[in-house]
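Report on the structure given below.
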Amino acid sequence: MTVDDRRRNTRNAIELNVEYKRINTFFSDYTRNISKGGTFIRTTRPLKLGTQFVFALRIPNLEEPLRLRGLVKWVVSAEEATAEQPVGMGIEFQYASDEERRATEEVVEGLMSRELGETLSSRLLKKRLS
């Protein structure tokens with residue numbers, strides 16, 4: 001299965017700082033792409049497949065980090081890593097409600113629009129321009 005086969009939504013190259021804890025250890029890694037459904041966290045210490053955890057994304061122009069629940073859906077080990085697919089973990093966002101999902105999708109769409117421009121982000125999100 002290729003990386004593209006594992007994704008339901010288009011990912012976009014945007015580097016964000018990601019913070020999370022594992023047991024009593026704090027980690028600060030980076031995501032280099034994000035979609036409305038999830039993200040890939042580049043880390044040399046990926047969590048185990050199926051792990052649910054809370055993480056914070058530091059997004060430009062937001063005072064507070066965006067706190068999200070995620071589920072580790074796939075892992076790229078050091079042995080499997082390539083220049084195109086670095087070591088890390090694919091995360092699927094988990095939501096407590098439809099309202100929480102819509103709010104997160106709105107933030108991601110705004111981020112994509114700022115970083116990529118309205119025309120390109122609208123095409124990627126399969127939305128019509130208003």
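Okay, here's what the table says:
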read-out	value
Single residue of segment 65-95 satisfying the filter (over 17 Å from the mean Cα position of the chain (by Cα) and either touching a residue at least 12 places away in the same chain (Cβ under 8 Å) or closer than 10 Å to Phe40 by Cα (or both)) that is surrounded by the fewest Cβ atoms within 10 Å (Cβ to Cβ)	Ala78
Among residues of segment 44-64, those that are assigned to a loop (DSSP other than H, G, I, E, B) and either surrounded by 16 or more Cβ atoms within 10 Å (Cβ to Cβ) or touching an Asp or Glu at 6+ places or on another chain (Cβ under 7 Å) (or both), counted	3
Subset of segment 81-108 (residues that are under 16 Å from Gly50 (Cα atoms) and of a type in the set (A, V, I, L, M))	Met89, Ile91
Residue in segment 76-99 that is within 14 Å of Leu111 (Cβ to Cβ), assigned to a loop (DSSP other than H, G, I, E, B) and modelled with pLDDT under 90 present	no
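Table: residues versus (1) more than 15 Å from Trp74 (Cβ to Cβ); (2) touching a helix residue (DSSP H, G or I) at 6+ places or on another chain (Cβ under 9 Å); (3) among the hydroxyl-bearing types (Ser, Thr, Tyr); (4) at pLDDT 60 or above.
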site	(1), (2), (3), (4)
Ile14	yes, yes, no, no
Asn24	yes, no, no, yes
Thr31	no, no, yes, yes
Ser35	no, yes, yes, yes
Gly38	no, no, no, yes
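The values are calculated or read from the model by the stated rules, or taken from the named source; none is laboratory data. From a predicted model like this one, the values you see are computed outputs, not experimental measurements. Quick reminder, even Gly has a Cβ in these numbers, built from the backbone with ideal geometry, and neighbours come from all protein chains shown.
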